Structures are given as C-alpha cells and as structure tokens.
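No value in this document is a laboratory result; all are computed from the given coordinates. Computed from a predicted model, the values in this text were never measured in an experiment. With ideal geometry, Cβ positions are generated from the backbone for all residues, glycine too; neighbour counts draw on all protein chains shown.
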Amino acid sequence: MHEADEYDLRSTDWNVLDAFDSQSDFGFQGLKRKLGIHQETLSRALHRLEDDQLIEHTTDGYRLTPQGSAIAKHSNSSSRTQEILETYLPSDISVSQLINRLKYSWFSTLRWLGYAENKDETALNWVTEDGISKIIARFKGKRLTIEIEPHDCALSDSAIKFAHELLARITKEYTHMTSTNPTRQLASTSNPETKYNMS
C-alpha cells in the first residue's frame, strides 16, 4: 500500500481526494461545483491524480483507486454526515429502477454530484448551488435516509429544506413508476409522519 508521503500532492490534489467517498463515482461538473474551482485547475489536478494512479476514469466520471481510497480515508477521517430524515419506500417499488431515474438529475437548488454503491446500499449525492453542502440519499433495501455533509447546527433549517426538496423529487419519481394508487405517500418507520433527526 502506498503512503501519502510518496506522492507530490498539491493542495488542489488533496481537495479533490477529499471530495470523494469510498467507491464514489463523481462527474467532472459535480466535482467542479463541489470544490468551487476553475475547470482547468480541476482538470490538471485530475490528470495528476490519474498519473499517480490515485483516481481512475469511469463511464460515470471518476473514482478512487485502492491506493487513492487509502489516502482519502485517512484524510477524511474527521468527516461526518448528519442524518436528517429516515423513511421507507413502498414494497411494490423497484428500488433499482428508482435509483436509475434519480441518477444525474438536477432539481430545485440541488445539482448532481455522483454516487457510491456496494452490495448493501447505494448513496446518491447532490451538492447545493452554492457548493457548501452535500445532500445524500442513501438506499438500503427499502430503507431511505437523507443526510447532509458537513453537519453544522447553523444549517439546520436549510438542511430540513434540502431534505424536503429531495424527498419531494423521490416521491415524484416513484409515483410515476406506480400504475395503481399514484398518490401513495412514503410510509414512515413507525407512524405516518416522517422521522427527523436533528440532534
């Protein structure tokens, strides 16, 4: 396993690595919005990281290599997300189809960033127009959580708004997929109200 000090990484390179999660695929424009840097600066950083075999180009954008993931994991060790909302999808909804409908979409104040997936879950990522916050829709079976990163108490009201915007889009997409009872709403964990976590 390569160590970080074996690479001559610039500050921009570190910022790009920090933007990734393990197994995430991020598009160029998504990274540009998230990082708020000029496209030529980002392009040069991506080329350097590719040359160092820390990232690789995929059909969906870019992702970390195992070496890059090891370095980014250490760099991101203090990164945390705050769960804002938790709910469940109706049993007759195809989660994979819903995820495919949501990928690459822009809506309201949210701009597509990328996604990460493994055998247990899929996380779809958007970034706010100002590039400050990342909003994550995490699908695990029929369970859906919406999270925000970074967590900042001062962003609580905005976080709720972003979560509602994302939930409304998800509801719209799965309603289109449902041929019977199209006004059906998301069922919560234990009661008709959505569960929010603001602690």
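Taking other Cβ atoms within 10 Å as a rough exposure proxy, Trp106, Trp126, Trp14, Trp112 sort from fewest to most as Trp106, Trp14, Trp112, Trp126. For the pair Met177 and Arg10 in one chain, pulling the backbone fully straight at 0.36 nm per residue adds 55.5 nm over the alpha carbon distance.
Along each principal axis, taking the top coordinate minus the bottom one, the Cα set of segment 4-75 gives 27, 23, 19 Å in descending order. In this simple spin-label model, placing a label point 7 Å from the Cα along the Cα-to-Cβ direction at both Asp157 and Asn100 gives a separation of 4.1 nm.
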